[in-house]
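The structure appears right after this line, and notes come after that.
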Amino acid sequence: MRRSGTTLGMLLAVVALVAQTAIAEETPAERAIPNAEAMEGLPVLATGNTAFALAFYRTLAAGEEGNLFSSPLSVSMALGMLAAGARGDTLAQMEATLRFGLAPERLHPAFNALDWLLERRQHLGEGWGEGFTLNRVNSIWGQTGHTFLDEFLDVLSSYYGAELQPADFAADPEGARVTINGWIEAATNERIRDLIQRGQIDAATVLVLVNAVYFNAPWAFPFDEDRTTPDPFTLPDGTTIDVPTMHQTEIHGYARGDEYVAVELDYNGHELSMVVVLPDEGAFERVEASFDGPSVSALFDRIAREHVILSLPRFTFEWGRLLNEPLVDLGMADAFDAARADFSGIDGSRDLFIGQVIHKAFVSVDEAGTEAAAATAIGMAGAGPSEPTYYEVRVDRPFLFFIREKETGSILFIGRVVDPQ
């Protein structure tokens with residue numbers, strides 16, 4: 001895993017799954033090179049991931065107020081690893097909830113192909129300037145002495161790069177928790193600390209799977225810090241506060257939808273981007289509730305390059321919670337039920353079930369992009385016979401945003417900002 005040496009990363013997400021309850025030093029696995037069939041499965045996987053991302057977000061948003069931020073891709077990948085050991089109704093519920101759309105023999109190679117594609121996105125060609133960091137790492141921690149099936153371990157090693165690490169949960173659950181959290185901190189450049197709280201691992205723990213994502217990127221067109229000013233931002237209750245707001249006039253992706261405008265800001269290399277969705281006044285809840293996989297994919301397809309006069313608040317916040325209830329609500333009830341869960345593909349028994357799914361995420365957006373550092377911007381000139389139309393977008397009220405990989409449309413992160421402070 002390549003780690004960033006910078007002091008401020010934009011986006012981090014970690015998911016830990018505790019089956020019946022999950023940690024030591026990871027040995028990187030030698031992953032399979034994606035073949036043509038795996039690459040052909042990517043569009044199906046990306047479509048399913050988008051559908052799950054929006055269903056997952058709506059479930060989270062319905063029960064919470066305030067800022068929200070998560071990585072649905074991280075959740076999908078962690079649960080994808082666990083699905084390798086699921087059988088029967090448990091597997092069927094996971095496949096339906098996560099919208100996988102691929103049979104197991106194609107799903108795991110497709111996840112590996114997606115990870116391979118994301119890895120390649122980091123390597124910009126000559127003359128493209130400063131690149132970005134997008135680390136995705138997986139690990140699996142099993143009770144010392146417990147027997148796990150080779151078929152299950154081979155899938156995780158070949159397609160997710162995760163080798164089984166021993167942990168003695170029965171004798172020292174607290175020591176295992178500290179070790180796991182240390183691994184997560186290192187994997188996320190110390191942005192995610194103490195993900196697993198005291199008592200969340202105990203002597204009954206048998207297995208933990210962890211996925212961590214770290215993203216750190218400069219804008220293709222950075223904002224000028226000298227133009228950042230304290231501007232009004234209207235909160236959901238109608239009160240107004242002043243927040244540091246960035247300003248620029250640039251060619252960005254732009255789309256107008258029903259009751260919202262969207263602006264797409266590329267990261268350096270123009271292969272990943274942030275799409276900011278600003279609902280019309282009074283329409284935030286309707287727009288938020290209306291987004292699903294097809295409508296968001298349609299939004300992405302409508303985005304066109306336009307001249308945009310943009311005002312966007314700086315924001316930084318952390319979000320996290322247990323995901324058991326949202327996943328049960330989405331249809332994965334059996335996986336959390338000790339009497340009904342079937343993870344016999346992990347160790348040959350029907351004893352394992354999910355105890356907890358823990359998710360935590362951090363986001364920071366500033367003038368440079370995803371970190372407080374200088375960036376090399378690539379100017380894209382648009383010339384024509386007539387004066388171009390300029391679209392002014394003042395993000396001065398609650399908004400939604402997506403971080404996506406543009407070729408496949410895969411949503412890496414999704415969030416909302418109702419209070420930039």
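The values are calculated or read from the model by the stated rules, or taken from the named source; none is laboratory data. Just so you know, these numbers come straight off a predicted model, no measurement behind them. A quick note on method: Cβ atoms are made from the backbone with ideal geometry, for glycine too, and the neighbour counts reach across all protein chains shown.
The table that follows gives values for the structure above.
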item	result
Selected residue [touching a strand residue (DSSP E or B) at 6+ places or on another chain (Cβ under 7 Å), surrounded by fewer than 24 Cβ atoms within 10 Å (Cβ to Cβ) and at pLDDT below 85] from Ala61, Ala24, Ala16	Ala24
Residue in the stretch 31-47 that is under 22 Å from His359 (Cβ atoms) and either crowded, with 16+ Cβ neighbours inside 10 Å or modelled with pLDDT of 90 or more (or both) present	yes
Unique match (being among the acidic types (Asp, Glu) and within 24 Å of the chain's Cα centre (by Cα)) among Asp194, Asp172, Asp168, Asp150	Asp194
Of residues in the stretch 316-346 being out of contact with any helix residue (DSSP H, G or I) (no Cβ under 6 Å at 6 or more places or on another chain) and surrounded by 20 or more Cβ atoms within 10 Å (Cβ to Cβ), the one modelled with the lowest pLDDT	Leu323
Test: residue in the stretch 129-137 that is within 30 Å of Asn268 (Cβ to Cβ), surrounded by fewer than 16 Cβ atoms within 10 Å (Cβ to Cβ) and at pLDDT below 90	yes
Some residue of the stretch 95-106 being polar (S, T, N, Q) and within 23 Å of Ile184 (Cβ to Cβ)	no
Criterion: surrounded by fewer than 18 Cβ atoms within 10 Å (Cβ to Cβ) and at pLDDT 85 or above - qualifying residue of Arg350, Arg404	Arg350
Residue within the stretch 88-97 that is in a helix (DSSP H, G or I), buried (at least 24 other Cβ atoms within 10 Å of the Cβ) and of a type in the set (A, V, I, L, M, F, W, C) present	no
Check on Val328, outside any loop (DSSP other than H, G, I, E, B), in the same structural domain as Thr97 (by TED's automatic domain parsing) and over 30 Å from Asp150 (Cβ atoms)	yes
Which listed residue is within 18 Å of Ser410 (Cβ to Cβ) and not in a helix (DSSP H, G or I), from Phe52, Phe69	Phe69
Residue match in the stretch 212-225 (condition: farther than 30 Å from Ser311 by Cβ, loosely packed, with under 15 Cβ neighbours inside 10 Å and of a type outside the set (D, E, K, R))	no
The stretch 285-304 residues that are in the same structural domain as Ala262 (by TED's automatic domain parsing) and under 9 Å from Gly257 (Cβ atoms), paired with ones that are surrounded by 19 or more Cβ atoms within 10 Å (Cβ to Cβ) and small (Gly, Ala, Ser) (beta carbon under 8 Å, 6 or more apart)	Leu299/Ala255; Leu299/Ala262; Arg302/Ala255
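This table checks each residue for (1) under 20 Å from the mean Cα position of the chain (by Cα); (2) within 18 Å of Tyr159 (Cα to Cα).
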| residue | (1), (2) |
| --- | --- |
| Ser70 | yes, no |
| Ala78 | yes, yes |
| Gly85 | no, yes |
| Ala92 | no, no |
| Arg106 | no, yes |
| Phe111 | yes, yes |
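Residue by residue, here is whether (1) surrounded by fewer than 24 Cβ atoms within 10 Å (Cβ to Cβ); (2) in contact with a strand residue (DSSP E or B) (Cβ under 8 Å, 6 or more places away or on another chain); (3) at pLDDT below 85; (4) in the same structural domain as Trp116 (by TED's automatic domain parsing) holds:
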| site | (1), (2), (3), (4) |
| --- | --- |
| Ala162 | no, yes, no, yes |
| Gln165 | yes, yes, no, yes |
| Pro173 | yes, no, no, yes |
| Arg191 | no, yes, yes, yes |
| Gly199 | yes, no, yes, yes |
| Asp202 | yes, no, yes, yes |
| Val210 | no, yes, no, yes |
